[in-house]
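**Q** This is the structure, below, for whatever I ask next.
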Amino acid sequence: MEKQIYNLTLEELISQVKTDLITKEYVVCDMDKTNYNIELNMLHKADFFALVLIEKGSCSYTVNARKSKITANDVLFCPMHETFTIDHISDDYKAKYILFTLDFISQAGFNYRSNDILKSFSNNPFIIISGEMEIFERIKFYLNQLQSLNNTQQDNYYFNELIWHSFSLLIYEVDNYFKSIEITKPISPRGEDLATKFFMLLRENFKEHHDVQFYADRLFVTRKYLSKMIKKTMLKSSREIINHVLVTEAKILLRNYHISVSDAALELNFSDQSVFSKFFKKHTGQTPSDYKKNDHF
């Protein structure tokens with residue numbers, strides 16, 4: 001007889017959280033054995049992603065017929081739609097969770113279908129970072145930031161940008177660890193130096209210069225070589241990085257009620273408003289005007 005699978009929804013779990021949240025696309029919560037609401041030894045499947053920071057005690061679980069155990073100072077990433085069972089949690093169990101939706105990932109600037117980070121997460125279900133206290137402490141800091149931000153008692157005009165910033169740092173922190181243990185070809189000092197100089201130039205010039213050739217010329221390398229080294233070092237092309245910086249800045253500008261779409265286009269040195277709108281829609285799925293109208297959270 002086939003076992004029943006119990007579906008966990010973020011909406012249901014959020015309804016049990018006492019804090020009034022600004023957005024229900026993610027929640028950070030603290031759990032111990034007294035408020036742990038997943039029934040043991042039953043099959044479950046979640047419609048959300050989860051990152052779990054084990055502060056004390058231990059938890060045993062099974063996924064894909066493989067049994068694992070996480071203990072204090074471990075970090076566990078759980079992709080959505082994986083079937084699992086929680087076999088045991090210790091009496092002194094204490095953990096901090098962030099649960100987030102696919103939409104929230106997209107809003108933070110990650111494309112689930114094409115992004116290497118999320119692909120690697122999904123291809124390695126229930127992956128663990130163990131014995132890395134510096135990473136553990138940094139992730140804990142990001143979770144505390146995200147928990148503090150998502151509270152109706154907080155009054156912050158740049159709420160969206162702040163949470164996207166903290167969330168991006170969190171995701172990159174986790175993925176950087178896995179990239180570091182997966183990389184077989186060492187990155188040359190020349191590659192690292194070039195990437196550092198590229199980011200410094202980009203920070204100073206991204207509003208005026210959107211073309212990779214500009215940065216290649218300033219760094220005295222060919223466009224092809226720059227793109228090759230950035231891709232090898234950052235696992236993203238130089239064009240993707242430039243576009244991501246432009247989109248992030250565009251979102252910040254558009255959130256300002258006093259800045260029009262044409263003002264944002266001018267500020268970011270697009271030839272005209274229609275070119276800017278086409279660029280923005282390509283990378284966000286909506287027009288700048290619609291973005292300004294939407295109350296995202």
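The values are calculated or read from the model by the stated rules, or taken from the named source; none is laboratory data. Owing to the predicted nature of the structure, the values given are computational and were not obtained by experimental measurement. Neighbour counts run over all protein chains shown; Cβ positions are idealised from the backbone, glycine included. Note: areas computed on protein heavy atoms with side chains; ligands, DNA, RNA excluded. Shrake-Rupley method; radii C 1.70, N 1.55, O 1.52, S 1.80 Å.
**Q** Please give the peptides 48-58, 261-271, 127-137 ranked by average Cβ packing (other Cβ atoms within 10 Å per residue), highest first, as a rough proxy for protection.
**A** Going from most to least packed, we get 48-58, 261-271, 127-137.
**Q** With a 1.4 Å probe and all protein chains in place, put 223, 218 in order of accessible area, largest first. Let's see the in-between values first.
**A** Values: 223 100, 218 125 Å².
Of 223, 218, the descending order of accessible area is 218, 223.
**Q** May I pose another question? Only sites in a loop by DSSP and with at most 11 other Cβ atoms within 10 Å count here; which GluC sites (Glu not before Pro) in region 1-52 make the cut?
**A** Values: sites: 2, 11, 12, 25, 39; in loops: 2, 25, 39.
Passing both the DSSP loop test and the Cβ count: 2, 39.
**Q** Continuing with the same structure: 5 Å is the cut-off here: which amide hydrogens, built 1.01 Å from N in the peptide plane, fall below it relative to residue 43, excluding neighbours closer than 5 in sequence?
**A** Result for residue 43 returns 6.
**Q** Taking 23 Å as the cut-off for C-alpha to C-alpha distance, list the pairs among 207/278; 67/236; 197/224; 24/236; 24/96; 236/282 that go past it.
**A** Pairs exceeding the cut-off: 67/236; 24/236.
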